[in-house]
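Let me begin by presenting the structure, written as structure tokens, before commenting on it.
Each reported figure results from applying straightforward, stated rules to the coordinates on display, with no laboratory input. Everything numeric in this text was worked out from a predicted model, so none of it was measured. Using ideal geometry, Cβ is built from the backbone for each residue, glycine included, and neighbour counts are taken over all protein chains shown.
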Amino acid sequence: MSDCLFCKIIAGEIPSSKVYEDELCYAFNDIAPQAPTHFLVIPKAHIGSAAEVCAENSAVVAHIFEVIAKVTKEMGIESYRIVSNIGEQAGQTVPHLHFHVLAGRDMTWPPG
Ligand code: 5GP
Ligand code: ZN
């Protein structure tokens, strides 16, 4: 999607700090980290949010969770939080599916 911030990051049109990349997904550090470790994992194919996940595109979500398990293990991170905001009220600001991976500090539950 030409007008999408995260599609532009995938295309290299906007610089980012890469954490991991393969043919299906891209992971990069969040520009405004909310924890000592805070990176985002996104599918390379544009999906607006988790609300648009369906039979045709859901395989990438399983793949992203495999990637998160692998990358956090490699980083030596044992405890972390995965967050995906859907829609404005939940705090979604970029309309391209992304999973926040947060670690390195105590976290509250329930979230604010
Ligand atoms: P959301 O609010 O949609 O759940 O998450 C969007 C995230 O993208 C936010 O945590 C925000 O800091 C991050 N973000 C927004 N613009 C950029 C950018 O240009 N580069 C990077 N690395 N992160 C961004
Ligand atoms: Zn996009």
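Tell me the label-point distance for the pair Gln89, Ile14, using the 7 Å Cα-to-Cβ offset, in nm and rounded to one decimal.
Those two pseudo-labels are separated by 2.6 nm.
Rounded, prolate or oblate, given the Cα gyration tensor of region 31-77, with a/c below 1.5 counting as rounded? Provide the component values of the computation, followed by the final result.
On the way: a/c = 3.19, a/b = 1.59, b/c = 2.01.
Taking the square roots of the gyration eigenvalues as a ≥ b ≥ c, region 31-77 is oblate.
Once you have a ≥ b ≥ c as the square roots of the Cα gyration tensor eigenvalues for region 65-112, tell me rounded if a/c is under 1.5, and otherwise prolate or oblate according to whether a/b is larger than b/c. Show your work: numbers first, answer last.
On the way: a/c = 3.29, a/b = 1.45, b/c = 2.27.
It comes out oblate by the Cα gyration axes.
Given 0.36 nm per residue, what is the gain on full extension from Arg81 to Ala45 after removing their alpha carbon distance, in nm? Walk me through the numbers before you get to the answer.
On the way: separation 36, 0.36 × 36 = 12.96 nm, distance 2.37 nm.
So the chain would gain 10.6 nm between Arg81 and Ala45.
For Val19, list long-range residues whose amide hydrogen, built 1.01 Å from N in the peptide plane, is under 5 Å from its own amide hydrogen.
Placed amide hydrogens put Ala27, Phe28, Asn29 under 5 Å from Val19.
5 Å is the cut-off here: which amide hydrogens, built 1.01 Å from N in the peptide plane, fall below it relative to Lys44, excluding neighbours closer than 5 in sequence?
Cys25, Tyr26
With a cut-off of 8 Å between alpha carbons and a minimum separation of six or more residues, what is the relative contact order of the chain in percent? Don't skip to the end; give the middle numbers.
Values: 153 pairs, mean separation 33.1, N = 112.
Result for the chain is 30 percent.
As a test of the formula, what do you get for the chain when each DSSP H run with n ≥ 4 contributes -39,500 (n - 2.57) and the sum is divided by the residue count, at 222 nm and rounded to the nearest 500 deg cm²/dmol?
After summing the helix terms and dividing by residue count, I get -6500 deg cm²/dmol.
Could you give me the ³J(HN,Hα) list for region 96-104, computed from phi with Karplus coefficients 6.51, -1.76, 1.60 and θ = phi - 60°, whole Hz, x at Gly and Pro?
Listing the rounded values in order: 9, 3, 8, 10, 6, 10, 10, 7, x Hz.
Between Glu21 and Ala62, how many nm apart are label points set 7 Å from Cα along the C-beta direction?
Going from the Glu21 label point to the Ala62 one covers 2.6 nm.
Using only the alpha carbons, work out the radius of gyration and Dmax of the chain in angstrom.
13.6, 38
Tell me which residues come under 5 Å, amide H to amide H, from Ser49 once H is placed; ignore anything under 5 positions away on its chain.
Here the answer is Leu97, since their amide H atoms fall under 5 Å of that of Ser49.
Which angle between 0 and 90 degrees, to the nearest 10, do you get for helix 59-75 versus the longest principal axis of the chain when only C-alpha atoms count?
In the chain, helix 59-75 runs at an angle near 40 degrees to the longest axis.
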